[in-house]
Amino acid sequence: LNARVRAGRNLQVRGTGPRAGSIIGGRCLAGNSLGAKDVGSPTTADTCVGICADPSLLAKINKTDKGIEFCQTNMQRIFRALDLKNTDAAHFKQYIEATPPEKRKAIIRILEQLRQLAGTLDTSRKNRKDLEARQVALFEGSRIVIADVICDGSLVLIGDAKLRLAADLQDVILQSG
């Protein structure tokens, strides 16, 4: 009743008695499957159940996004400061040769940083794609099973998809993939 529950994989609401196994009010989310007898009530409009992303995976994606942003920002700064157009090695060589000898060491260091940032950016983008693929795999076959009734006004989430019910439904099975 009006609880906030988050399960990493599976959440089954059970019990004995006439109201046992019900989710009324609050927010109950699971990573792969959720089951209950009833969801919502005619007097409670803010019941939410769903399948959502793994929080630890989301944290890794957010951290990776910050790393990507860091690399892009610093690469843009170097490009603007040196008036560079691309990361082509031949272009770098020409740039170094056109630089006065007393400034070459500093320019070479900056260009090396740019090369490292480009490599880190590429690796981070690949890691993000892998993390997204892992999240999609977790959603595959996910399901919400309501044995009796899910009430009008209840909100159902599966990933980024949202469904607010406009009528009571009985014996509901919602499945992804």
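The values are calculated or read from the model by the stated rules, or taken from the named source; none is laboratory data. Quick caveat: nothing in here was measured; it's all calculated off a predicted structure. Virtual Cβ from ideal backbone geometry, glycine too; neighbours counted across all protein chains shown. Surface areas here come from the heavy atoms of the whole protein model, side chains and all, with no ligands, DNA or RNA. Shrake-Rupley method; radii C 1.70, N 1.55, O 1.52, S 1.80 Å.
Among the strands (runs of 3 or more DSSP E) contained in region 21-70, which hold 3 or more residues that are charged (D, E, K, R)?
In region 21-70, there are no strands (runs of 3 or more DSSP E) which contain 3 or more residues that are charged (D, E, K, R).
Tell me, which residue of region 50-75 that is under 15 Å from the mean Cα position of the chain (by Cα) and among the hydroxyl-bearing types (Ser, Thr, Tyr) is modelled with the lowest pLDDT?
56
For region 75-100, enumerate the residues that are open to solvent by less than 80 Å² (accessible area, probe 1.4 Å) and assigned to a helix (DSSP H, G or I).
75, 78, 79, 82, 89, 90, 91, 92, 95, 96 - these are the residues of region 75-100 that are open to solvent by less than 80 Å² (accessible area, probe 1.4 Å) and assigned to a helix (DSSP H, G or I).
Have a look at 51, 107, 96 and point out the one that is within 30 Å of residue 24 (Cβ to Cβ), touching a residue at least 12 places away in the same chain (Cβ under 8 Å) and out of contact with any His (no Cβ under 9 Å at 6 or more places or on another chain).
Of the residues listed, the single one that is within 30 Å of residue 24 (Cβ to Cβ), touching a residue at least 12 places away in the same chain (Cβ under 8 Å) and out of contact with any His (no Cβ under 9 Å at 6 or more places or on another chain) is 51.
Look at residue 16 and say whether it is farther than 16 Å from residue 149 by Cα and open to solvent by 30 Å² or more (accessible area, probe 1.4 Å).
Taking the combined requirement at face value, the residue satisfies it.
Taking residue 47 as the residue in question, decide whether it is modelled with pLDDT of 90 or more, more than 15 Å from the chain's Cα centre (by Cα) and surrounded by 14 or more Cβ atoms within 10 Å (Cβ to Cβ).
yes
Regarding region 111-129, can at least one residue be identified that is over 23 Å from residue 52 (Cβ atoms), more than 30 Å from the chain's Cα centre (by Cα), touching a residue at least 12 places away in the same chain (Cβ under 8 Å) and assigned to a helix (DSSP H, G or I)?
yes
Could we say that residue 51 is closer than 30 Å to residue 166 by Cβ and touching a helix residue (DSSP H, G or I) at 6+ places or on another chain (Cβ under 8 Å) here?
yes
All but one of (1) open to solvent by 30 Å² or more (accessible area, probe 1.4 Å); (2) part of a strand (DSSP E or B); (3) on the phi < 0 side of the Ramachandran plot hold for residue 171, so report the exception by its number.
For residue 171, the failing item is (3).
What are the residues in region 141-164 that are assigned to a loop (DSSP other than H, G, I, E, B), farther than 16 Å from residue 31 by Cα and either open to solvent by 50 Å² or more (accessible area, probe 1.4 Å) or at pLDDT below 90 (or both), if any?
152
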